[in-house]
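One structure is given below, encoded as structure tokens.
The values are calculated or read from the model by the stated rules, or taken from the named source; none is laboratory data. Note that this is a predicted model, so its numbers are computed, not measured. A quick note on method: Cβ atoms are made from the backbone with ideal geometry, for glycine too, and the neighbour counts reach across all protein chains shown.
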Amino acid sequence: MTARSVSITFAGSGGAGVMTAGNMLLDAAGRAGWYAYMTRSSGAQIRGGEAAAMMRLSTSPVQSHDDRFDVLVAIDWQNVGRFSAEIPMTSDGLVLGDPDGGEFPEQIGAKGARRADIPFKKMAKEIEGGRPNMIALGAVAGLVGLPEDAVLGVVRDSLAKKGEAARTASEASVRAGMAFAAGLPACPRLAAAEGQSERLWSITGNEAAGLGAVRGGIRFVAAYPITPGTEVLEWLAPNLAKLGGVLVQAEDELASINQIIGASYAGVPSLTATSGPGLALMTESLGLAVASETPITVVNVMRGGPSTGIPVKSEQSDLNIALYGLHGDAPHLVVAPNSLADCAFSTQWAVHLADSLQTAAIVLSDQSLGQSRATIAPPADPGFRAIRLMPEGEAAERYRRYTNTASGVSPMAVPGMKGYQYTADGLEHNEYGTPSSAAADHSAQLDKRLRKLAVHDYGQHWADIEGDGDIAVLTWGSTTGPVREALERFRASGGRARLVSIRLISPVRPEQLAAALEGVARVLVVEQSHGAQFHRYLRAHYDLPGSVRAFHRPGPLPIRPNEIFRQLADWS
Amino acid sequence: MEATSTCPSYSARDYKSEVKPVWCPGCGDYSVLGSITKALAELSIPPESVALVSGIGCSSRLPAYTNVFGFHGVHGRALPIATGIKVSRPELTVIASGGDGDGFSIGGNHFMHACRRNVDMTYIVMDNEVYGMTKGQASPTTAPDWEKSKLTPQGTGINPFHPLVIALAAGANFIARGFSGDQNGTAQLITEAIRHPGFSFVQLLSPCVTFRPEQRDWKDMVHPAAVDPTDDPARAARRLMTDDGFNVGVLYRGSRKPFQPERQASVDSVADLEKEFVL
């Protein structure tokens, strides 16, 4: 039995090496021409807690999970039961575990999946320096039909620095696992890989966001660590240095956003990354960037909220604060990547827009995009750069920094430009930047700051629109992945439906959405928030045609394709 | 930053704008504005090469009254903005300025970490022991028994913050105190602070004649520091802990290396970074 997609979970206690096994399986699949996607789940312990690597291997690009897992392999059973809700399985599934791996969790047993034993510990003892996780890797590779060469190649490269003995032991472990797999109950094997013209990348969404930032021209980053946004900053730290840029670790998020405002004012495209609580702290200064017209980009990797919430799990519940968290009338950009690979494009585009429009851009990524790893076709550089309108020539008269142009964008000088000195101000000001509480100045500057966002040509990137038919699914961000998959199934079953995934959340594009929904009689809104934040945003800013249903649920459990498929199939 | 011989000479007036200050008549901040512009003229720094950053409060209005590149940000965040400017454009002369509430209360964490980070800039705090813009509340440097605020009619009952001691403990590289009434002396302190590498902190006693009229007496209370500045933090700490708060002059001069990350590219393009992703 072959399948176009196979899903596997590696689980075990801390130190069992399940993430290593998962990463190696992902890389091996990528090298052999398959696409792979992996999310990670771990206990609350800082170090040494139980962990699970949830994988999906596929013949076509994949950046979200399936409805169920085909294989669960537990190197041991310690606390693995607590991941049960995240590992849906049916009676077709296969659960593999070590009879010496501790007590088998009731919750896993309740799934009714088939069970088989692999004596990891015993097998590892028979190999000098043998490793149970490498045996598990070999067993899974054997079960799903990954070629031995690809797996051993990854093992060799990964352990290059660990020495001959470690490498030999791991290779022997993988081979033992593969040999053992031949005697295990059958599970779906991956259909043959479809030819790839170029070598795939292995990348996380947070790394992709960092890449998009430097492609866009970001050369200053201020950083304050927070889960799950930190890896954006950690990827940028060494890579920005290689480009001659600078990353400064700030004392808090208030400092990090103000440092980037300072650096950008000084002429260097600047960015920070954070997550919900950090974004909340930054909102006052986001308003400063808007009022002083200083371009900045903030990548916010959403997690469960409010307050500390669920830091390691995904949710789309920072939409409201990103849109409405600023005091006063403060138009700004909100851009949302809708896939792991799109974290690169959307961040780069946001950087470009922020500098072009001299305002603040918030990139709304989330934990499930940011901390997932996938093999993807190398994303081409779309060419968007941070380019600012600057004054030219010698300053003839007193410089009007905030001159009221037709486009709303005023030439922005940077320190060092003789004759163009001005004071950037969060106080309302006149065209020169001089503080003013006059009604006419306030109204003129408010109009200007709104107009520059409203009249800009955002092109086709404001949304991804796919398919046709009189049913439309409206979604954004990471839920786009399962929606796409649900729509494929819906079409395969004879239905017709279109996808509209909105990338440019702010400013709103009512005319474009109306055109995208032309002829639609039913709209299904899909999002991962308890308060239906996206649905309410749509209701506030757009006219939705026909009847509208909202399918929304909070994190931490991901919304799966079949749940959306059922919404469509049952709505008739 | 040393002036070079090729720089044209400037007068203090070249650094002033035509914007009329919102300050009350008699406010010490007028004189501080004069001292800053005199110091810049003394150093002959072109106005376009200076970034002057402030937060919120009476004294934070200062940048708009100058003819340098200014940034009037939000309350308490002048130092992070100044840090971003200096780290990304090290050739600029960067000055942050503001009041005691802005710098020591809402911006207290940044003050501590700016001292510690030791970026080459100068921080001027016009200290009048009161929030003036919000009409007279106690600040971190207000005495515990000051009862004139509606917000704390019995006084704050808590000891004032000692900015110079905190600055020293946190790692500031240059510490001075001045009095706004002595415009030339203060200009000299600011000149030295700008010249000194690393984070230079200058506390300027700048009377609020409106909410703290008794501060008019400061002119009779200030006195020059009896001894030369030390480079020994332990000795500086003893002096700062025991002085009367009116000791004026350079009080500490450290020699810590300023924070300035290297900006040397080692790859030709972003495409070179992408190799790490290729399987």
Inset, instruction - Identify the single condition in (1) assigned to a loop (DSSP other than H, G, I, E, B); (2) in contact with a strand residue (DSSP E or B) (Cβ under 7 Å, 6 or more places away or on another chain); (3) under 27 Å from A:Ile203 (Cα atoms) that A:Tyr402 does not satisfy, given that it satisfies every other one. - result: (3)
Inset, instruction - Output yes when any residue across the stretch A:229-239 is in the same structural domain as A:Gln371 (by TED's automatic domain parsing), under 19 Å from the mean Cα position of the chain (by Cα) and charged (D, E, K, R), and no when none is. - result: yes
Inset, instruction - Identify, by number, the condition in (1) facing chain A (nearest Cβ under 9 Å); (2) in contact (Cβ under 8 Å) with a residue 12 or more places away in the chain that B:Asn109 doesn't meet. - result: (2)
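If you go through the stretch B:74-94 one residue at a time, how many are of a type outside the set (D, E, K, R), within 15 Å of the chain's Cα centre (by Cα) and either buried (at least 24 other Cβ atoms within 10 Å of the Cβ) or at the interface with chain A (Cβ under 7 Å from one of its Cβ atoms) (or both)?
Within the stretch B:74-94, the subset of a type outside the set (D, E, K, R) is B:74-76, B:78-85, B:87-88, B:90, B:92-94.
Then drop every residue that is not within 15 Å of the chain's Cα centre (by Cα), which leaves B:75-76, B:78-83, B:93-94.
Checking which are either buried (at least 24 other Cβ atoms within 10 Å of the Cβ) or at the interface with chain A (Cβ under 7 Å from one of its Cβ atoms) (or both) leaves us with B:76, B:78-83, B:94.
Matching residues across the stretch B:74-94 total 8.
Would you check if A:Val483 is surrounded by 18 or more Cβ atoms within 10 Å (Cβ to Cβ) and either part of a loop (DSSP other than H, G, I, E, B) or assigned by TED's automatic domain parsing to the domain that holds A:Ala209 (or both)?
no
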Inset, instruction - May I ask you to list the residues in the stretch A:22-61 that are closer than 17 Å to A:Leu200 by Cα and of a type in the set (Ser, Thr, Tyr)? - result: A:Tyr35, A:Tyr37, A:Ser58, A:Thr59, A:Ser60
Legend entry - Condition met for B:Asn159 (out of contact with any helix residue (DSSP H, G or I) (no Cβ under 6 Å at 6 or more places or on another chain), within 24 Å of A:Leu247 (Cα to Cα) and polar (S, T, N, Q)): no
Inset, instruction - For A:Thr39, indicate whether it is part of a strand (DSSP E or B), more than 14 Å from every other protein chain (Cβ to nearest Cβ) and in contact (Cβ under 8 Å) with a residue 60 or more places away in the chain. - result: yes
Legend entry - Qualifying residues in the stretch A:240-295 (those that are facing another protein chain (nearest Cβ under 7 Å) and farther than 22 Å from A:Val214 by Cα) - the one surrounded by the most Cβ atoms within 10 Å (Cβ to Cβ): A:Ser285
Inset, instruction - Taking B:His110 as meeting all but one of (1) buried (at least 22 other Cβ atoms within 10 Å of the Cβ); (2) touching a strand residue (DSSP E or B) at 6+ places or on another chain (Cβ under 9 Å), write down the number of the exception. - result: (2)
Inset, instruction - Pairs only if they're at least six apart or on different chains, beta carbon under 9 angstrom, first in the stretch A:302-330 and under 19 Å from A:Leu538 (Cβ atoms), second aliphatic (A, V, I, L, M) and in a loop (DSSP other than H, G, I, E, B); list them, first residue then second. - result: A:Gln316/A:Ala336; A:Leu319/A:Ala336; A:Ala322/A:Ala336
Inset, instruction - Considering only the stretch B:47-73, state which residues are more than 7 Å from chain A (Cβ to nearest Cβ) and assigned to a helix (DSSP H, G or I). - result: B:Ser59, B:Ser60, B:Arg61, B:Leu62, B:Tyr65
Legend entry - Residue match in the stretch A:443-454 (condition: surrounded by fewer than 19 Cβ atoms within 10 Å (Cβ to Cβ) and in a loop (DSSP other than H, G, I, E, B)): no
Inset, instruction - Would you list the helices (runs of 4 or more DSSP H) that sit entirely within the stretch B:152-253 and hold 2 or more residues that are surrounded by 18 or more Cβ atoms within 10 Å (Cβ to Cβ)? - result: B:163-170, B:183-195, B:233-242
Legend entry - Criterion (in contact with a strand residue (DSSP E or B) (Cβ under 9 Å, 6 or more places away or on another chain) and without any contact (Cβ under 8 Å) to a residue 12 or more places away in the chain) met by exactly one of B:Gly76, B:Gly84, B:Gly101: B:Gly84
